[in-house]
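Participant: Once you've had a glance at the structure underneath, I'll fire off some questions.
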Amino acid sequence: MTILRCGRYELDLRRPLVMGIVNITPDSFSDGGKNFDPAAAVQHAHRLVEEGADLLDLGAESTRPGATALPLEEEWSRLHPVLEALRDIPVPISVDTYKPEVMRAALGLGASMINDVYGFRFDGAIEAVVENDCALCIMHMQRDPRTMQAAPQYDDVVSEVTAFLSERAMVLTEAGVDLTRLLIDPGFGFGKTVVQNYGLLRRLEELQSIGLPVLVGLSRKNMIGAITGKPVAERSSASVFAAIEAARRGARILRVHDVAETVDALKVWQAINNENH
Ligand code: HH2
């Protein structure tokens, strides 16, 4: 699948795309507080587009390990002014939410993608998106953010994640969602140990058996810190390397904090792989 239907956009996934992260939160693990103010979030979004982001992912509720759920009204009051201000930004806007009410409201304000870390499992989530033509990112998570890092267990992480994602894709298509709207994401760090995360990354190509484009979010995560021994603020170059390795294993959208660096690295990677350069 090389074309992704994404609201008023059609994304060509023959080359990997870069999704810039805009966290409108006081408590995100990597950049909490920096863009909590709506004006700062809007400015950050514009900067990421200037740096070459192909799309943006707006999130108002942190899903870092241990995070608790945010009331609906609070999530929407953070998202609303930023979505309004970004209506005319020339790239698709994804909204990172699992709440059906927020999905509907965000789509009403022009969002082109819904990124659901619960894989559209909440009551009403599928109904909230089915009639729209937005893209849908189905992510895998074992349990929920509050409990997910307490001894996650799998017999085989890759086959269990693959089975979950294909089952959710089937549920969505049976509900009437066109396949061209779907993306899948193994959910790095969501109910997985460091060893399980690297097992997934090593075998990322196996997810392609589902036949849907793969999105990955590795940026600055604990799996990077666990290997480098570096704090969050010093995980950029290792994150860029991990993103390129994911692209090499078939990832089509890279969800990152460090847009400029990832865009440059992708250009060099593509030049290496293209004899016409
Ligand atoms: N990771 C985070 C949040 N949303 N969505 C998808 N599809 N894939 C991911 O890997 C993913 C995600 C966590 O990262 P971040 O947004 O930087 O932090 P926080 O959840 O603390 O806001």
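The values are calculated or read from the model by the stated rules, or taken from the named source; none is laboratory data. The structure displayed is predicted, hence computed values, not measured ones. Here the Cβ is made from the backbone with ideal geometry for all residues, glycine too, and neighbour counts use every protein chain on show. When the accessible area is computed, the model is the full protein with side chains, heavy atoms only, and any ligands, DNA or RNA have been set aside. Shrake-Rupley method; radii C 1.70, N 1.55, O 1.52, S 1.80 Å.
Participant: Is one or more of the residues making up segment 134-148 assigned to a helix (DSSP H, G or I), surrounded by 16 or more Cβ atoms within 10 Å (Cβ to Cβ) and modelled with pLDDT of 95 or more? Steps first, answer last, please.
Facilitator: Going through segment 134-148, the residues assigned to a helix (DSSP H, G or I) turn out to be none.
Checked segment 134-148: no residue is assigned to a helix (DSSP H, G or I), surrounded by 16 or more Cβ atoms within 10 Å (Cβ to Cβ) and modelled with pLDDT of 95 or more.
Participant: Any chance segment 54-70 includes a residue that's buried (at least 18 other Cβ atoms within 10 Å of the Cβ), within 16 Å of the chain's Cα centre (by Cα) and farther than 28 Å from residue 124 by Cβ?
Facilitator: yes
Participant: Another question, then. Taking residue 74, is it away from the ligand (no atom under 11 Å from the Cβ), acidic (Asp, Glu), open to solvent by 60 Å² or more (accessible area, probe 1.4 Å) and out of contact with any Pro (no Cβ under 7 Å at 6 or more places or on another chain)? Spell out the reasoning first.
Facilitator: Values: away from the ligand (no atom under 11 Å from the Cβ): yes; acidic (Asp, Glu): yes; open to solvent by 60 Å² or more (accessible area, probe 1.4 Å): yes; out of contact with any Pro (no Cβ under 7 Å at 6 or more places or on another chain): yes.
Judged against the criteria, residue 74 is a match.
Participant: Follow-up question, since we're still on this one. Return a yes/no flag: does segment 54-67 have any residue that is within 25 Å of residue 245 (Cβ to Cβ) and away from the ligand (no atom under 14 Å from the Cβ). Working first, answer last.
Facilitator: Taking segment 54-67 and keeping what is within 25 Å of residue 245 (Cβ to Cβ), we get 54-57, 59, 63-65.
Within this subset, residues satisfying the condition of being away from the ligand (no atom under 14 Å from the Cβ) are 54.
Yes; the residues of segment 54-67 include at least one that is within 25 Å of residue 245 (Cβ to Cβ) and away from the ligand (no atom under 14 Å from the Cβ).
Participant: Still on this structure, please answer the following. Among the residues of segment 209-252, write down those that are surrounded by 16 or more Cβ atoms within 10 Å (Cβ to Cβ), in a helix (DSSP H, G or I), in contact (Cβ under 8 Å) with a residue 40 or more places away in the chain and polar (S, T, N, Q).
Facilitator: Listed by number, the list holds a single entry, 222.
Participant: Being hydroxyl-bearing (Ser, Thr, Tyr), within 12 Å of the ligand (Cβ to nearest atom) and either more than 16 Å from the chain's Cα centre (by Cα) or closer than 22 Å to residue 200 by Cβ (or both) is true for just one of 94, 159. Which residue is that? So that I can check it myself, show each step before the final result.
Facilitator: On the way: 159 fails: within 12 Å of the ligand (Cβ to nearest atom).
After ruling out the rest, the residue left standing is 94.
Participant: So which residues in segment 35-91 are among the acidic types (Asp, Glu) and in contact with a helix residue (DSSP H, G or I) (Cβ under 7 Å, 6 or more places away or on another chain), if there are any at all? Spell out the reasoning first.
Facilitator: The first filter runs over segment 35-91 and keeps only residues among the acidic types (Asp, Glu), leaving 37, 50-51, 54, 57, 61, 73-75, 84, 88.
Passing the criteria: 51, 61, 75.
Participant: If I filter segment 55-100 down to residues being closer than 14 Å to residue 22 by Cβ and assigned to a loop (DSSP other than H, G, I, E, B), which single residue comes out as modelled with the lowest pLDDT?
Facilitator: 62
Participant: Another question, then. Are any residues in segment 165-192 open to solvent by less than 40 Å² (accessible area, probe 1.4 Å) and either on the phi > 0 side of the Ramachandran plot or not in a loop (DSSP other than H, G, I, E, B) (or both), and if so, which ones?
Facilitator: Kept after step one, since they are open to solvent by less than 40 Å² (accessible area, probe 1.4 Å), are these residues of segment 165-192: 165, 168-169, 172, 177, 181-192.
Answer for segment 165-192, where residues must be open to solvent by less than 40 Å² (accessible area, probe 1.4 Å) and either on the phi > 0 side of the Ramachandran plot or not in a loop (DSSP other than H, G, I, E, B) (or both): 165, 168, 169, 172, 181, 182, 183, 184, 185, 187, 189, 191.
Participant: Continuing with this model, one more query. Name the pairs: first residue in segment 69-85 and under 16 Å from residue 37 (Cβ atoms), second residue open to solvent by 70 Å² or more (accessible area, probe 1.4 Å), Cβ to Cβ under 8 Å, at least 6 apart or on different chains?
Facilitator: 78/36
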